[in-house]
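The structure appears below as structure tokens.
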Amino acid sequence: MDKKPLSPKNDFVFHKIFSENMTALSGFLQAVLDLPPEEYQRLEVINPRSLSDRG
């Protein structure tokens with residue numbers, strides 16, 4: 001059985017990629033927001049709801 005890769009457009013997949021890899025998150029935000037690294041000191045992922053809160 002061939003397994004298809006999961007789409008990063010999926011909310012769960014996106015969250016897993018970027019909440020566990022700050023280098024990837026930093027690069028993504030720089031690309032999307034066109035921010036130079038000097039514009040921020042650190043990144044912190046704040047998740048006000050857990051996956052168990054979803055219905």
>> Could you check the spin-label model distance between Leu35 and Thr23? Points 7 Å from the Cα along Cα→Cβ, value in nm.
In response: 2.0 nm
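For Ile46 and Lys4, what does the FRET efficiency come to when R0 = 25 Å and r is the distance between their Cβ atoms, rounded to the nearest 0.05? Each step should come with its number before you reach the end.
On the way: r = 31 Å, r/R0 = 1.26.
E between Ile46 and Lys4, to the nearest 0.05, is 0.20.
Rule-based calculations on the coordinates, nothing more; no lab input. If you're wondering where the values come from, they're calculated on a predicted model, not measured in any experiment. All Cβ positions, even for glycine, are placed from backbone atoms using ideal geometry, and neighbour counts span all protein chains on display.
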